[in-house]
Amino acid sequence: MTVAELLITPTLKNLKLISGFYGVHREISTVTVIDTPDGFQWLTGNEVVITTTYALEKTEEAFCNFITSIIVKGASALIVKTDRYLKVIPENAKKLCDEKNFPLIYCPESYAFADIINPTLSSIISKQEAQLRKANNIHKSFLELAINDCRIQEILQTLSTLIKVPTAYVDTVFHKVYFSDTSNENTILLNTMSYKQILTYFKEHYKYIEVANKKQFFGFIIILDSNISEPTTDLEPNPDFDSHVYHTALEYASIVIILRMQILVSNHMIEEKYRSSFVGDLVLNNVKTLTEIETRAHLYGWDFSAGGFIVIIDINNFKKYYLKELSSKEGRQLQNYVNYIFDTSIQYMHATFPSAHYYSQSDYISFLIGEKLSSVVQEKLKNVFHQIQHALEVTVPFTVSMGVGTYIENIIDIHHSYEQARQVIQAVYQTHQFNRITFYDQIGLYKLLFSVAYNKEAIEFCDKYIQPLREYDIQHHANLIETIQAIVNCGWNLKAASDALYLHYNSVKYRFQKICEILDIDLRNPEKHTEVELALKLFFLQKESRY
């Protein structure tokens, strides 16, 4: 109970609050009598202390020190029996209680200790019993909702019935908003707003609680009544507000919503896994008949009758981080970056191409877009790529590249567009033209090289120039291939290559001479440049499968 409720107990009507009026809503857990100077040491908090002041020194300072001591120990109020040992309450004591918002209560000498203790404890026990009954009813109501896997709107309706206030739930996982009462004026107002507008508006106008467990944040429960408030400083309790029911119901509603959200998230992840697996089968050519494609597409409500093309968003130079020895914390952070990049890519791609379907790998994500690759669509792709760039640049330490395959009319052949998009990304790594969007028709010479890269003649041509250097690098822990690649990238300018490699010019010059010696050719002769450049291009195209 509270001090205010104690003061309106019928059998204690002669108690009088003389100071500390703004502390009447302090909670009371028990009543105790202190008539020794050091009795305050055994207080544990929330007690109403009764004293006759018998054992206190008959000075204002001693009485004020006693009040300070019990305030520090967390007492809820002090009842003083006057007229016997303490005739008048000192003004300094009243002033102290006002400053500390600590109720100081006058008790007539005619009251025995039991006259105060018994009705107070009886009232506390009675109130606790009532609260337990209410808590049990709340528990049963929400347990039934949890067991029966009820919808979030039903959870809100139960909550609103208990706290007598309309409520809403903002789902920040799937970006949805639920209401307990669709006819409420606040609901009607919020229904006119977008999800983002609601997210901003409700924080400014309503009370809310966060819905989250230790690992994941799910959203907010909103109290759709800006007038609801905790009890004020009036002596009379607010009859329309039951703090215990209010907080208990909100706590249980939050728990049941968390359970419901976990099921929704789990189901969504399973569904996304199957959807992604289907897209993966398409782009990797694991589906052999059009009938199977049509059957599986029908299950998800997808339409591939217009054909489509593949877009790959690659995290630039991401794989090199896996070559490092990472701590568990660094590994989790790296995975968080990947998740953020993928989620951001999905968000913006779906905003521009709502029917796009995706398939993710460790360092890239592929999108199947079921429409023709017209000039208008190309402009859309450029715009969405710039949006993704902008969203990532201040959040993650990686850039991304977008590779776009050509349009395929028959969906059963969509793997060709996927291979083209993969070739675009490979070309990006060859030319070091990262952080941009590239279409298959823009990769020039690489289109020809991809078509012949694994021919016998191409492999032999590559090995003629590269294999001797590769064997030397392995045997001597050297970097001749990296060096010749840098020299080629710098237009055969050794000085520029030394700057690119952060090496002294003489070191690059020595390596260049070593390369000429191993290959038994004079690379100062421009006629040999084309052959070496071509061999390097073939080497990097063949690298993943051959080395």
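Summary of values
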| item | result |
| --- | --- |
| Single match in S305, S360 (criterion: surrounded by fewer than 16 Cβ atoms within 10 Å (Cβ to Cβ), of a type in the set (G, A, S) and at negative phi) | S305 |
| Test result for T399, within 34 Å of the chain's Cα centre (by Cα), at pLDDT below 95 and either surrounded by fewer than 21 Cβ atoms within 10 Å (Cβ to Cβ) or of a type in the set (S, T, Y) (or both) | yes |
| Residue that is farthest from the chain's Cα centre (by Cα), among those in the stretch 434-487 that are of a type in the set (F, W, Y) and outside any helix (DSSP H, G or I) | Y454 |
| Pairs where the first residue, in the stretch 484-498, is touching a residue at least 12 places away in the same chain (Cβ under 8 Å) and assigned by TED's automatic domain parsing to the domain that holds F539 and the second is outside any helix (DSSP H, G or I) and of a type outside the set (S, T, N, Q), C-beta under 8 Å, 6+ apart | N489/H432; W492/L523; A497/C490 |
| Odd one out for Y454, checked against (1) in contact (Cβ under 8 Å) with a residue 24 or more places away in the chain; (2) within 27 Å of D314 (Cα to Cα); (3) surrounded by 15 or more Cβ atoms within 10 Å (Cβ to Cβ) | (3) |
| Hits in the stretch 96-114 - residues which are in a helix (DSSP H, G or I) and either touching a helix residue (DSSP H, G or I) at 6+ places or on another chain (Cβ under 7 Å) or without any contact (Cβ under 8 Å) to a residue 12 or more places away in the chain (or both) | L96, C97, E99, K100, A114 |
| Any hit, the stretch 412-433, residues being within 20 Å of Y340 (Cα to Cα), under 33 Å from the mean Cα position of the chain (by Cα), not small (G, A, S) and not in a helix (DSSP H, G or I) | no |
| Odd one out for T352 among (1) surrounded by fewer than 18 Cβ atoms within 10 Å (Cβ to Cβ); (2) hydroxyl-bearing (S, T, Y); (3) touching a Phe, Trp or Tyr at 6+ places or on another chain (Cβ under 9 Å) | (3) |
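Yes/no per residue for (1) touching a Pro at 6+ places or on another chain (Cβ under 8 Å); (2) at pLDDT below 90; (3) surrounded by fewer than 17 Cβ atoms within 10 Å (Cβ to Cβ):
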| site | (1), (2), (3) |
| --- | --- |
| I474 | no, no, yes |
| L480 | no, no, no |
| S498 | no, no, no |
| Y502 | no, no, yes |
| N525 | no, yes, yes |
| Y547 | no, yes, yes |
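Condition check ((1) modelled with pLDDT of 90 or more; (2) not aromatic (F, W, Y)) across all residues:
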| residue | (1), (2) |
| --- | --- |
| K288 | no, yes |
| F304 | yes, no |
| N316 | yes, yes |
| G331 | no, yes |
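Yes/no per residue for (1) surrounded by fewer than 13 Cβ atoms within 10 Å (Cβ to Cβ); (2) aliphatic (A, V, I, L, M); (3) in contact with a Gly (Cβ under 7 Å, 6 or more places away or on another chain):
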| site | (1), (2), (3) |
| --- | --- |
| E60 | no, no, no |
| S69 | no, no, no |
| S76 | no, no, no |
| V80 | no, yes, no |
| P90 | no, no, no |
| C97 | no, no, yes |
| C107 | no, no, no |
| A114 | yes, yes, no |
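The values are calculated or read from the model by the stated rules, or taken from the named source; none is laboratory data. From a predicted model like this one, the values you see are computed outputs, not experimental measurements. Every residue, glycine among them, receives a Cβ derived from its backbone with ideal geometry; neighbour counts consider all protein chains shown.
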